[in-house]
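The values are calculated or read from the model by the stated rules, or taken from the named source; none is laboratory data. Note that the structure is predicted; figures quoted are calculated from it, not measured. Heads up, the Cβs are rebuilt from the backbone with ideal geometry, glycines too, and the neighbour counts pull from every protein chain shown. The accessibility values were calculated without ligands, DNA or RNA, using every heavy atom of the protein model including side chains. Shrake-Rupley method; radii C 1.70, N 1.55, O 1.52, S 1.80 Å.
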Amino acid sequence: MPAAVLVGAQWGDEGKGKATDLLGGDVDYVVRYQGGNNAGHTVVIGDQKYALHLLPTGILSPEVVPVIGNGVVIDPGVLLSEIDGLAARGISAERLLISSNAHLIMPHHKALDKVTERYLGKARIGTTGRGIGPAYGDKIARMGVRVQDLLDPGILAKKIEVALTEKNQVLTKVYNRRGIEPERVLEEYLGYAERLKPHIADTSLVLAKALDEDKFVLLEGGQGTLLDIDHGTYPFVTSSSPTSGGACAGAGIPPNRLTKIIGILKAYTTRVGSGPFPTELTDDMGEWLRQTGGEYGVTTGRNRRCGWFDAVISRYATRINGITDYFLTKLDVLSGLERIPVCVAYEVDGVRHDEIPMTQTDFHHAKPIYEELPGWREDITGAKDFEDLPPNAQAYVRALEEMSGAPISAIGVGPGRDQTVVVRPLV
Ligand code: GDP
Ligand code: IMO
Ligand code: MG
């Protein structure tokens with residue numbers, strides 16, 4: 001049976017949590033394949049709101065097996081408090097599987113994330129401060145501590161010792177911070193090991209068997225295409241590969257298992273942290289979008305930067321990910337606007353660009369070329385079918401579909417699970 005990937009098409013916070021949750025009833029496994037607790041995925045079920053950071057959204061669907069894949073970086077303390085928080089609300093994480101190959105976020109990663117950002121000053125990336133970049137840095141440098149190391153106290157002690165011998169030099173001598181005691185870290189992490197042990201598995205093998213048994217596997221990305229370490233707005237990106245190519249590596253399943261690549265696309269654009277954002281609105285209109293769309297970070301509480309829809313970005317996301325279907329979210333937020341500008345291309349130093357400019361220097365100077373589409377006044381939050389949408393809202397969706405180069409198969413008209421217009425089945 002097939003696997004599907006669900007990937008953010010912009011700079012994150014497109015509504016991946018809601019989209020994953022919606023598919024929860026139709027799939028058997030939901031796998032997070034990269035990122036860590038920099039993510040914040042919101043799900044609204046009835047009057048209950050859940051904010052998930054490390055746990056796959058499938059945790060909220062009783063029949064689904066939630067999996068944290070090898071490509072994720074795990075802060076075990078955060079994971080356990082998330083599990084406890086859900087348990088207090090009657091949701092069990094008993095089924096959760098955690099890849100033995102996933103890497104652990106260690107205390108020095110969090111310390112280094114914060115001091116390096118401070119050191120960068122105005123040039124800072126605006127990270128979530130969760131230790132993501134330093135943890136992936138150690139993974140690539142082959143100095144990381146993995147989930148499986150929790151199963152061998154001797155190895156764990158050695159790895160912590162080796163890592164801190166170097167990192168304490170950096171913390172104390174470069175950044176003038178206090179060093180971290182290896183013994184305390186070992187004790188803390190051995191405590192986590194006790195609780196996490198029953199969940200640790202060879203998740204790649206589990207998923208291969210599941211696919212052979214005709215089960216449906218949904219891979220849930222964190223962040224988004226433009227935050228990808230290779231294909232995003234480097235260096236203003238995260239340190240992993242949210243794009244569909246990264247999904248296979250991060251879950252340990254082969255690319256030929258993927259049959260659907262679902263892009264989550266917001267009807268306008270937002271971004272948190274620093275970096276280029278051609279359609280950003282720094283005026284009252286931007287504030288209106290922020291307030292109407294509730295664009296405040298789920299993880300850090302920061303104001304999200306807001307702007308108009310950018311079709312150059314969505315075309316790029318279609319190409320990089322091989323999007324087969326789009327889930328367009330937050331269309332309801334645009335109700336009430338007279339006209340809605342959509343960026344169709346950029347102008348850089350007098351030259352029109354239909355694609356993202358090759359260099360970051362040019363991208364930083366890109367000015368949006370807008371086309372204005374007529375708006376609609378009606379409240380669309382109760383729409384069930386495409387035909388329920390006002391003609392101008394239908395035309396807006398059709399225009400975005402045309403510009404983005406992939407079919408829009410579902411449309412979000414509100415945060416709730418049932419506030420979705422399904423044009424054609426996603427899985
Ligand atoms: P994620 O990180 O991609 O999962 O997205 P976030 O949860 O960070 O941000 C998306 C926000 O939009 C959340 O507050 C969702 O509840 C909300 N949301 C998702 N889809 C829709 C929609 O179609 N309409 C409205 N009004 N809100 C939505
Ligand atoms: P979800 O999964 C939006 C951004 C940060 C910063 C950059 C690097 O909810 O869409 P990091 O802590 O990853 O090193 O920060 O990436 N960022 C996100 N922005 N949504 C996210 O996740 C994000 N995760 C990281 O704001 O600009
Ligand atoms: Mg989010």
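Here are a few things to note about the model shown:
- Output for the range 16-48, where each listed residue is more than 16 Å from ligand 3 (Cβ to nearest atom) and polar (S, T, N, Q): GLN48
- Assessment of the range 338-350 against the conditions (closer than 17 Å to LYS266 by Cβ, open to solvent by less than 10 Å² (accessible area, probe 1.4 Å) and within 16 Å of ligand 1 (Cβ to nearest atom)) yields at least one matching residue.
- Residue match in the range 208-216 (condition: more than 23 Å from GLY17 (Cβ to Cβ), touching a strand residue (DSSP E or B) at 6+ places or on another chain (Cβ under 9 Å), in a helix (DSSP H, G or I) and away from ligand 2 (no atom under 16 Å from the Cβ)): yes
- Residue within the range 155-174 that is within 22 Å of the chain's Cα centre (by Cα), surrounded by 15 or more Cβ atoms within 10 Å (Cβ to Cβ) and touching a residue at least 12 places away in the same chain (Cβ under 8 Å) present: no
- Exclusive hit being among the charged types (D, E, K, R), crowded, with 20+ Cβ neighbours inside 10 Å and either outside the structural domain of ASP28 (by TED's automatic domain parsing) or more than 20 Å from ARG319 (Cβ to Cβ) (or both), set GLU194, GLU213, GLU220: GLU220
- Every pair of residues 6+ apart whose Cβ atoms lie under 7 Å, when the first sits in the range 63-79 and is touching a residue at least 24 places away in the same chain (Cβ under 8 Å) while the second is part of a helix (DSSP H, G or I) and of a type in the set (Ser, Thr, Tyr): VAL67/THR203; GLY69/THR203; ASN70/THR203; ASN70/SER204; VAL73/TYR136; PRO76/TYR189; PRO76/TYR192; GLY77/TYR192
- Hey, LYS18 modelled with pLDDT of 95 or more, basic (Lys, Arg), farther than 19 Å from ILE98 by Cα and assigned to a strand (DSSP E or B) or not: no
- Residue satisfying condition, being at negative phi and in contact with a Pro (Cβ under 8 Å, 6 or more places away or on another chain), within set LEU281, LEU227, LEU219: LEU227
- The residue that is nearest to ligand 2 (Cβ to nearest atom), among those in the range 24-74 that are open to solvent by 10 Å² or more (accessible area, probe 1.4 Å) and assigned to a helix (DSSP H, G or I), is LEU60.
- The range 274-313: number of residues that are open to solvent by 10 Å² or more (accessible area, probe 1.4 Å), under 25 Å from VAL43 (Cα atoms), assigned to a loop (DSSP other than H, G, I, E, B) and modelled with pLDDT of 95 or more: 3
- For the range 1-15, taking the residues that are closer than 19 Å to LEU227 by Cα and in a strand (DSSP E or B), the one that is farthest from ligand 3 (Cβ to nearest atom) is identified as VAL5.
Residues checked against (1) open to solvent by less than 60 Å² (accessible area, probe 1.4 Å); (2) touching a His at 6+ places or on another chain (Cβ under 6 Å); (3) among the small types (Gly, Ala, Ser):
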| position | (1), (2), (3) |
| --- | --- |
| ALA366 | yes, no, yes |
| ARG377 | no, no, no |
| VAL397 | yes, no, no |
| GLU402 | no, no, no |
| VAL423 | yes, no, no |
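- Condition check for THR270: modelled with pLDDT of 95 or more, surrounded by 20 or more Cβ atoms within 10 Å (Cβ to Cβ) and not in a loop (DSSP other than H, G, I, E, B): yes
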